[in-house]
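A short reminder: the numbers here are calculations on the coordinates, not readings from a lab. Please read these numbers as outputs of a predicted model, since none were measured by experiment. With ideal geometry, Cβ positions are generated from the backbone for all residues, glycine too; neighbour counts draw on all protein chains shown.
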Amino acid sequence: PAIAHFQQALVADPNQPVVEYALGETLLEAERPRDAIAPLRAALEAGVHADEAGVDLVRALGAAGERDGAIRVLERLRSVAAGDAERCVALAALAVQLQDPRLAELFSRAALASRPGLAAAHAQLGASFNLSGRFADARGELEEAIRLDSRDAASHVGLAVAEANLGHLVEARAHIDAALRLDPASAQARRVRLALEQTTAERPHRVSKR
């Protein structure tokens, strides 16, 4: 009913960017990301709820498989997010989802410039380093994230990935166990645990070098 209402309002008067945004947001929530792209783009171009419309447009484009378009929009949001640590963290997380380590690092560092002790910013910076293969740097950032917030399961998963790639399988398993205690339903933690089990089976005598 809400979608039809917004569509009818736009037929009556197409020049309503606020309604475009509401329609796009509703379509995205209804798991219709491809249909949400046009109204969200119209809202963003009109400057209506620019930060929210931009984030939702990135999500819609990513869900529709249009990664390059999502990254272009994410680039545009750099000025919108400037000085807002929480917004920068959210955009860094989107960049990680889109597998873009450069933007993930950029937004994470912007968040830390505003709030140096923000655990989530350290976590996203660590995730960006994991994406780019800088596993020692990732370990440092994720250890700091866990020091600041030991109950964040995703940080433990990220640190497990870094440790495993550094050859520290014992430490990697410990962090995956911690992640699953904090969030037993974590699909990411379960995938990493399975990969660690397979690695251990292939190299049963491997020990931590840390």
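Numerical summary
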| quantity | calculated |
| --- | --- |
| Cα pair count fraction exceeding 15 Å, expressed as % - region 110-208 | 57 percent |
| Among 192-200, 70-78, 55-63, the order from most to least packed when residues are scored by Cβ within 10 Å on average | 55-63, 70-78, 192-200 |
| Percent RCO, i.e. relative contact order, over region 1-124, from Cα pairs under 8 Å lying at least 6 residues apart | 16 percent |
| Debye, to nearest 20: dipole size of region 1-148, +1 on Lys, Arg Cβ, -1 on Asp, Glu Cβ | 400 debye |
| Which labelled figure in [x] 21.8, 65; [y] 21.6, 71; [z] 20.0, 71 is Rg and Dmax of the Cα atoms in Å, once derived from the coordinates | [z] |
| Farthest toward positive dipole pole in region 95-210 [+1 Lys/Arg, -1 Asp/Glu at C-beta], among Ala201, Phe135, Leu148 | Ala201 |
| Signed unit charges on C-beta, dipole axis of the chain, positive-most listed residue Leu28, Gln99, Gln8 | Gln99 |
| Structure-based [θ]222 nm, the chain - -39500 (n - 2.57) summed over DSSP H runs of at least 4, per residue, nearest 500 | -24500 deg cm²/dmol |
| Among Pro14, Pro33, Pro116: highest mean-square fluctuation, GNM of the chain, C-alpha pairs under 10 Å | Pro14 |
| Mean Cα-pair separation over length for the chain, i.e. relative contact order, pairs under 8 Å, 6 or more apart, % | 10 percent |
